[in-house]
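Enquirer: A single structure is presented below for examination.
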Amino acid sequence: MKKVVILIGNYGSGKTEIALNIAVRSAAEGKRTQVIDLDRINDYFRMSDHVKLLDAKMIDLVSPTFVGAGVTQTNMPAAVGSAFAKDWDLVIFDVGGDPAGALSLARYHMDFAQLQPEQLEVWDIINTRRPMSETAEKILQLKEDMEGFARQTVTGFVHNSNLQAWASAEDLRAGYPVVKEASELSGIPVIYTTGRQEFLEEFLKDDGLDPKFIGTPLPLETYMHRSWDSFAKGGI
């Protein structure tokens, strides 16, 4: 049965990195995998910058900034329709990083409504190191705003606290009680805690962690780099 996962979350929360990691793992298991990039806001972390990686892994990509295969802004709706029309094992929607970005998802509300409940999951990616995500109250307010715009209901939290190139296990330690409180207040389960392998392992050694608020540990490979880093190394 086709599985559809929608990733929402604050700007800079790490949605695209997580989408790439999950897609690569899925494809490695032999699953027919598609990624829908609906992030039209963030020019620095673009799924379309990784076309070669996705092609090599036999992962299908639909993106508004994808310059290959004739996929442009004008024919995005038809391209996104392939997520529902074709026989994929896993489809991942990477949604823009604020409530306005979530509007791009709402136009497909009727398509999502045709799915069986067990086919659809909506994950809120939480990075407590980002503005508007430092407290449980802010996390839940932003979640509610994005749910309203996207016309979807969050089914799980993913704890992904980090400071990008300066990330450490301390980010996960600091974020854990905040994500735990957000889960307790909302009743939404924490389904994954993510991070680079070494930081995740160090974090999991801490005493006093409740597995209920960790979920499944998900080590991440680092695929995303800011565009200006690549420009500095290889030119525009």
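Enquirer: Determine whether segment 148-161 contains at least one residue that is of a type in the set (Gly, Ala, Ser), without any contact (Cβ under 8 Å) to a residue 12 or more places away in the chain and out of contact with any Pro (no Cβ under 9 Å at 6 or more places or on another chain).
Expert: For segment 148-161, residues of a type in the set (Gly, Ala, Ser), without any contact (Cβ under 8 Å) to a residue 12 or more places away in the chain and out of contact with any Pro (no Cβ under 9 Å at 6 or more places or on another chain): absent.
Enquirer: I'm told GLY195 meets every condition in (1) closer than 18 Å to MET224 by Cα; (2) in a helix (DSSP H, G or I); (3) touching a strand residue (DSSP E or B) at 6+ places or on another chain (Cβ under 9 Å) except one. Can you identify the failing condition by its number?
Expert: Result: GLY195 fails condition (2) only.
Readers should treat all values here as calculations from the given coordinates under stated rules, not as data from a laboratory. Since we're looking at a predicted model, the values are computed, not measured. Virtual Cβ from ideal backbone geometry, glycine too; neighbours counted across all protein chains shown.
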